1. Restricting to the stretch 189-202, and then to whatever is without any contact (Cβ under 8 Å) to a residue 40 or more places away in the chain and not in a helix (DSSP H, G or I), can you tell me which residue is farthest from G116 (Cα to Cα)?
2. Those residues that are within 17 Å of the chain's Cα centre (by Cα) and either surrounded by fewer than 17 Cβ atoms within 10 Å (Cβ to Cβ) or at pLDDT below 90 (or both), I need them from the stretch 177-201; list them, please.
3. In the stretch 142-188, which helices (runs of 4 or more DSSP H) lie fully inside it and hold 2 or more residues that are closer than 18 Å to S120 by Cβ?
4. Sort through A118, A153, A124, A165 and tell me the only one that's under 23 Å from F72 (Cα atoms) and in contact with a strand residue (DSSP E or B) (Cβ under 8 Å, 6 or more places away or on another chain).
5. From the list V59, V67, which one is under 22 Å from Q2 (Cα atoms) and touching an Asp or Glu at 6+ places or on another chain (Cβ under 8 Å)?
6. Assuming A109 fulfils every condition listed in (1) in contact (Cβ under 8 Å) with a residue 12 or more places away in the chain; (2) surrounded by fewer than 18 Cβ atoms within 10 Å (Cβ to Cβ) apart from one, which condition is it?
7. Just to confirm my filter: which strands (runs of 3 or more DSSP E) fall fully inside the stretch 1-119 and include at least 3 residues that are among the aliphatic types (A, V, I, L, M)?
8. If the requirement is being open to solvent by less than 10 Å² (accessible area, probe 1.4 Å) and within 18 Å of the chain's Cα centre (by Cα), which of these qualifies: Y97, Y130, Y154?
Amino acid sequence: MQKILVIPSWYPPDGGQFFQDHAEALAEAGFKVDILVNRTIGLTKLKISELSTLHRFQVSEVNGTRVVRSCFIKWPKNELLNIQRWSNSTVKLFRRYERTFGKPDLILAHSSIWAGYAASQISAKTGIPYIITEHRSRFTGKTAEAESLVRDAYHPFLKEAFGGASRIITVSDALQASIRQFISLEQQIQTIPNLVDTRFFIPPVQRQRDPLVILSIGRLEHEKGMD
């Protein structure tokens with residue numbers, strides 16, 4: 001059985017429930033799936049009640065997947081340093097995971113920012129191949145705001161993340177154009193949309209009311225295109 005290690009850039013309780021759902025789908029398909037969560041907590045938002053959990057190697061079973069957790073303290077006003085610190089911390093967490101549970105066959109990083117970069121560092125040290133699935137709408141590059149979210153200072157990290165990936169997957173075609181500046185011509189990008197349980201969207205034969213009401217859910221930020 002092939003063993004996949006999922007490294008999410010964010011994860012519940014900080015969003016990212018889809019990453020857990022996706023891991024469970026892989027487990028149902030017959031893979032052994034572990035999830036390595038290095039949760040980021042801002043120093044200014046750190047609660048006293050959370051001090052006892054910092055840097056603890058916590059392991060739990062969630063619907064057929066093994067979830068390994070630890071925490072990382074982010075320093076204020078040091079974003080570029082924090083990228084490198086978080087990546088180094090994730091590499092150390094991986095080393096402990098590897099000693100405890102063995103080596104995975106493949107790493108699946110959800111988003112280049114910054115799980116993909118951490119995966120590139122792990123791969124460089126271990127030779128384990130990795131795949132990046134990119135979700136972030138900032139890579140559409142269709143608005144000035146989206147472009148501003150991919151800062152020039154990020155480019156070296158993104159080139160390492162995307163450049164070393166065995167496969168790059170985007171959740172929509174719109175993300176591909178911006179990503180191509182960080183990869184070689186030989187690398188291919190494949191679009192695989194987010195999984196959807198289509199049974200949820202089968203309308204009843206008789207609607208309960210008119211007119212039809214449509215609910216759209218998303219953050220009220222310009223990059224989400226709610227306008």
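The values are calculated or read from the model by the stated rules, or taken from the named source; none is laboratory data. Not measured: the values here are computed from a predicted model. Note that each Cβ is placed from the backbone with ideal geometry, even for glycine, and that neighbours are counted across all protein chains shown. All accessible areas refer to the heavy atoms of the entire protein, side chains included, with ligands and DNA or RNA removed. Shrake-Rupley method; radii C 1.70, N 1.55, O 1.52, S 1.80 Å.
1. Keep residues of the stretch 189-202 that are without any contact (Cβ under 8 Å) to a residue 40 or more places away in the chain, which gives 189-191, 193, 196-202.
Narrowing further to those that are not in a helix (DSSP H, G or I): 189-191, 193, 196-197, 202.
Numbers: I189: 15, Q190: 16, T191: 17, P193: 18, V196: 24, D197: 27, I202: 36 Å.
That would be I202.
2. Initial filter on the stretch 177-201 (within 17 Å of the chain's Cα centre (by Cα)): 179, 189-195.
Q190, T191, I192, P193, N194, L195, listed by residue number.
3. 155-163
4. Values: A153 fails: in contact with a strand residue (DSSP E or B) (Cβ under 8 Å, 6 or more places away or on another chain); A124 fails: in contact with a strand residue (DSSP E or B) (Cβ under 8 Å, 6 or more places away or on another chain); A165 fails: under 23 Å from F72 (Cα atoms).
When all the criteria are applied, what remains is A118.
5. On the way: V59 fails: touching an Asp or Glu at 6+ places or on another chain (Cβ under 8 Å).
None of the others qualify; the one that does is V67.
6. In the conditions (1) in contact (Cβ under 8 Å) with a residue 12 or more places away in the chain; (2) surrounded by fewer than 18 Cβ atoms within 10 Å (Cβ to Cβ), A109 misses (2) alone.
7. Numbers: elements: 3-8, 32-42, 58-62, 65-74, 106-110.
Per the criteria, 3-8, 32-42, 65-74, 106-110.
8. Values: Y97 fails: within 18 Å of the chain's Cα centre (by Cα); Y154 fails: open to solvent by less than 10 Å² (accessible area, probe 1.4 Å).
Of the residues listed, the single one that is open to solvent by less than 10 Å² (accessible area, probe 1.4 Å) and within 18 Å of the chain's Cα centre (by Cα) is Y130.
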